[in-house]
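Working notes for the structure below.
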Amino acid sequence: MEAIAPKPHKELVKTVQLEGQVLLKIIQHCTEALPQNVTGQLLGLDVGQQLEVTDCFAFPATVADDDAEAESAGANYQLEMMRCLREVNVDNNTVGWYQSANMGTFQTVELIETFINYHENIKKCVCIIYDPQRSSRGSIALKAIRLKESFIELSKEQKLTLKGFREANLSWRDIFVELPIRIRNSNLVQALVADLMPAPTATQADVERLNLSSAPFLERNIQSLLECVDDIVAEQQKVTMYHKNVARQQQMFAAWLAKRRQENQQRQADNLEPLPEEDPSQFKPIPEPSMLDNYLVTNQIATYCDQINVAAGETIQKLFLMEGLQKAGL
């Protein structure tokens, strides 16, 4: 009896290793382009379940009026950059892309489409999101995400409906998978930083962390949250309208079927051949609306709620700290 060969195991990316130089490039590009959102290419190596990002380069800002012309110019620029990097013996394997975000806003249909396009040629790709506005509060707002494999298969089958998500056992939490990021610096870089490191003093980031003013940040988050609530209500109205149209069509078909059966009874009495009682062409099934926008807006609402929760917690901690300092007379 022949042994059954085991199925090949598909390794998924579970961690992202980011070079310190790459992180600095991403921060500089995204910060200098404020308030415009920008993007760039990630280069590196695929090592088992870890994706090592060793270099990156920025995409130029779009200046062409025609979308097709701008896309062609961007593709040519990317190919030329890859050729130049290959000539100087730099890692030129594409492992994903990075992009900036505005107050945690990145869950869009365009991001999903970009992931699907990358997945056609690069099975292991990630997107690094950097939020310069959130980072201005004293901590780096950086995350690495990828799409869940089951969601990619569902998207390729074009079953992004409520029934499709239910059959695949997917919820709005199962679209993106956030990966842990590990920052790596070579020994030479660490030695240089240790040599250039000044005496321990309070940096600008330390001062920003102690800033008690959180009202503007919370106000922007709440405003964005209200806009997302309006969007989710509009998406729910689309689903409600779909169910109303289906119910109306079923009522029309039931009335048509009752009338057809009555006609057939009369035709049988007249010894005539009965007419077919099949669904006519005017009662074609109404296509179910896609739930992708609904799930993305729900994801965005969860992100804003998490940001508000974290900001409120940090503010309470600062207030308790200041209260302790005042009581101690410092």
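Couple of notes before you dig in:
- Taken over the range 194-236, the criterion of being of a type in the set (Gly, Ala, Ser), at pLDDT 75 or above and not assigned by the TED database to the domain that holds LEU296 is satisfied by ALA194, ALA215, SER224.
- Cβ-Cβ under 9 Å pairs, at least 6 apart or on other chains, the range 1-28 side assigned by the TED database to the domain that holds ILE122 and over 20 Å from LEU179 (Cβ atoms), far side outside any loop (DSSP other than H, G, I, E, B) and at pLDDT below 65: none
Residues are listed down the side, and each one gets a yes or a no for (1) in a helix (DSSP H, G or I); (2) open to solvent by 60 Å² or more (accessible area, probe 1.4 Å); (3) within 30 Å of PHE217 (Cβ to Cβ):
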| site | (1), (2), (3) |
| --- | --- |
| HIS243 | yes, yes, no |
| GLN262 | yes, yes, no |
| ARG267 | yes, yes, no |
| PRO287 | no, yes, no |
| VAL297 | yes, no, yes |
| TYR304 | yes, no, yes |
| VAL310 | yes, yes, yes |
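- Of residues in the range 8-49 being among the small types (Gly, Ala, Ser) and over 22 Å from the mean Cα position of the chain (by Cα), the one modelled with the highest pLDDT: GLY20
- GLN250 vs. criteria among the polar types (S, T, N, Q) and surrounded by fewer than 14 Cβ atoms within 10 Å (Cβ to Cβ): yes
- ASP293 being assigned to a helix (DSSP H, G or I) and modelled with pLDDT of 90 or more: no
The values are calculated or read from the model by the stated rules, or taken from the named source; none is laboratory data. The structure presented is a predicted model; accordingly, all values stated were derived computationally and were not measured. Counting neighbours? That spans all protein chains shown, and the Cβs are built from the backbone with ideal geometry, glycine included. For accessibility, only protein heavy atoms count, side chains too; no ligands or nucleic acids. Shrake-Rupley method; radii C 1.70, N 1.55, O 1.52, S 1.80 Å.
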